[in-house]
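The block underneath contains the structure these notes are about, expressed in structure tokens.
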Amino acid sequence: AGQVRSELVSQYDVFPTLLDYVGLSNPEKDRLPGRSFDELLRGEAGVGREDIVIYDEYGPVRMIRTREWKYVHRYPYGPHELYDLRNDPNEEANRIDDAECQEELEALRYRLGEWFGKYVIPEKDGRTAPVTGFGQLSPLAPGVTEGGAFKPFEK
């Protein structure tokens, strides 16, 4: 109580943390990406994560976040986003086309691809899924039709 921690943890760390908390082993430890943050809950020093990948895809969108950067990739057409969270914590300046950020962008793309290469479930891979939902009321790629299409939400 009364602490603010800076370690990065993710939704996929909750399951292993709960298992640790109740003293059970994790039978999926080697297959799933999560790891326990139980030591943080006890107020101990923790290592946290270097980055967090958003694995719960919302249609064809994937994201990776570090303490300093956030990269959003929308398949297949974009628009993609890159934010320098140290200097722009409100994510107001998309730096995706900024030449001085290209090295960081490539590193994040690589880490995102590496993570999904290891953990994606092919039949649930959202890269080709249509975007339908209240958060996406119009298609990402206007003019694309049924067949490879992004279809707007229909009420």
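The values are calculated or read from the model by the stated rules, or taken from the named source; none is laboratory data. What you see is a predicted model; the values in this text were computed from it and never measured. Ideal geometry is used to build each Cβ from the backbone, glycine not excepted, and the neighbour counts take in all protein chains shown. Heads up: the accessible areas ignore ligands, DNA and RNA and are worked out on the full protein's heavy atoms, side chains in. Shrake-Rupley method; radii C 1.70, N 1.55, O 1.52, S 1.80 Å.
In the set Val131, Val144, which member is modelled with pLDDT under 80, more than 20 Å from Ile52 (Cα to Cα), in contact with a Leu (Cβ under 9 Å, 6 or more places away or on another chain) and open to solvent by less than 100 Å² (accessible area, probe 1.4 Å)? Step through it out loud before you land on a result.
Numbers: Val144 fails: in contact with a Leu (Cβ under 9 Å, 6 or more places away or on another chain).
Only one candidate passes the filter, namely Val131.
Please work out if Arg49 is under 30 Å from Asp88 (Cβ atoms) and either at pLDDT 85 or above or open to solvent by 40 Å² or more (accessible area, probe 1.4 Å) (or both). Reasoning before the result, please.
Numbers: under 30 Å from Asp88 (Cβ atoms): yes; either at pLDDT 85 or above or open to solvent by 40 Å² or more (accessible area, probe 1.4 Å) (or both): no.
Criteria not met by Arg49.
Conditions: (1) loosely packed, with under 12 Cβ neighbours inside 10 Å; (2) within 16 Å of the chain's Cα centre (by Cα); (3) modelled with pLDDT of 85 or more. Pro27 meets all but one. Number of the miss?
(2)
Are there any strands (runs of 3 or more DSSP E) wholly within segment 61-112 with 3 or more residues that are open to solvent by less than 80 Å² (accessible area, probe 1.4 Å) and out of contact with any Phe, Trp or Tyr (no Cβ under 8 Å at 6 or more places or on another chain), and if so which? Explain how you work it out, then say what you get.
Numbers: elements: 61-66, 69-74, 81-84.
Result: 69-74.
When the residues of segment 3-24 are filtered to those that are open to solvent by less than 40 Å² (accessible area, probe 1.4 Å) and in contact with a strand residue (DSSP E or B) (Cβ under 7 Å, 6 or more places away or on another chain), which remaining residue is farthest from Trp115 (Cα to Cα)?
Leu8
Going residue by residue through segment 37-50, is there one that turns out to be assigned to a loop (DSSP other than H, G, I, E, B) and under 23 Å from Ala129 (Cβ atoms)? Can you show your working first?
To start, the set of residues in segment 37-50 that are assigned to a loop (DSSP other than H, G, I, E, B) comprises 37, 42-48, 50.
Narrowing further to those that are under 23 Å from Ala129 (Cβ atoms): none.
Within segment 37-50, not a single residue is assigned to a loop (DSSP other than H, G, I, E, B) and under 23 Å from Ala129 (Cβ atoms).
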